[in-house]
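In what follows, a single structure is set out as structure tokens and then discussed.
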Amino acid sequence: MKTLGFILLIAGIVMIVIRGFSVTTEKKVVDLGPVEINKKESKWIGWPTYAGGAVAVLGLILVLTDKKR
């Protein structure tokens, strides 16, 4: 559980710092035999800052409450 806690803690901090990323997709608009017209679109994939904070807090709780064997 301690390892999972560290992973969640690091992932939460990264989610707070990096609030999302942009993905470029190419969409075919017209296809007339040898002639093609394509359109590039950028889509933003993001998450709220509090989601990263919640993941980091959950990871911290898992690290601190891990029982020693």
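Scanning the stretch 38-60 for residues that are loosely packed, with under 13 Cβ neighbours inside 10 Å and either modelled with pLDDT under 90 or out of contact with any strand residue (DSSP E or B) (no Cβ under 7 Å at 6 or more places or on another chain) (or both) gives P48, T49, Y50. The residue that is nearest to M15 (Cα to Cα), among those in the stretch 28-69 that are in contact with a Gly (Cβ under 8 Å, 6 or more places away or on another chain) and part of a strand (DSSP E or B), is G46.
The values are calculated or read from the model by the stated rules, or taken from the named source; none is laboratory data. All of these numbers come straight from a predicted model, not from anything done at the bench. Here Cβ is always computed from backbone atoms with ideal geometry, including for glycine, and neighbour counts include all displayed protein chains.
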